[in-house]
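Trainee: Mind having a look at this structure? Questions to follow.
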Amino acid sequence: MNYAEFENGDETKSSSTTFGVVVDANYHFKALNSVSPYVELNVNFGSYSRNITETVEGITTETDYTGSRVGAGVNFGFDWYFTEGLSLGGKYTLGFRSLGKPDAKSGNVTVEGPSSSGFGIGSASVILNVHF
């Protein structure tokens, strides 16, 4: 929760919740010495909600936002098995995401926002894996 109070008595409170699920599947190619390259596919789903309460000059306004997202990605990576039970890896992600039409509700008024989608670079990561 975020909270801000101003000298004139105005205040803003904000809280949010995000929930998501990701499913990954990877395929490792033939190892080159101690390096194992792989390709990975993932699908993800998520939802979020946010509440903002603002008091300005004694008038309080409460706004709720809700929305969802779905996405998919392709990861290209490798694992370097430098000792038994441990590997250091890296991966690069290309992905697609689609955000559903978010709702903004203030009092009895609900406004539906625009949906959006995009394709691009998700992230590059360095990963230490423990194998047992």
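Trainee: For the chain, compute Rh as the Kirkwood radius over C-alpha pairs and then the Stokes-Einstein diffusion coefficient at 20 °C and 1.002 mPa s; write the answer in µm²/s, rounded to an integer.
Mentor: In µm²/s, the coefficient is 117.
Trainee: Separate question: Could you give the length gained by full extension between Ser16 and Lys30, i.e. 0.36 nm per residue of separation minus their alpha carbon distance, to one decimal place?
Mentor: Going from the current span to full extension adds 0.6 nm.
Trainee: Taking the dipole about the Cα centre of the range 1-60, with the C-beta of Lys and Arg at +1 and of Asp and Glu at -1, give me whichever of Thr18, Asn33, Ile59 is farthest to the positive side.
Mentor: Asn33
Trainee: A further question on this structure: Using a Förster distance of 25 angstrom, determine the FRET efficiency expected from the C-beta separation of Leu94 and Phe132, and round it to 0.05.
Mentor: E between Leu94 and Phe132, to the nearest 0.05, is 0.25.
Trainee: Next question, about the same structure. Would you order Thr53, Thr18 from fewest to most other beta-carbon atoms within 10 Å of each residue's own beta-carbon?
Mentor: Thr18, Thr53
Where a number appears in this text, it was derived from the coordinates with a stated rule and is not lab data. Since the structure is predicted, the reported quantities are computational estimates derived from the model, not experimental observations. When we count neighbours, we look across all protein chains shown, and the Cβ atoms used for this are built from the backbone with ideal geometry, even at glycine.
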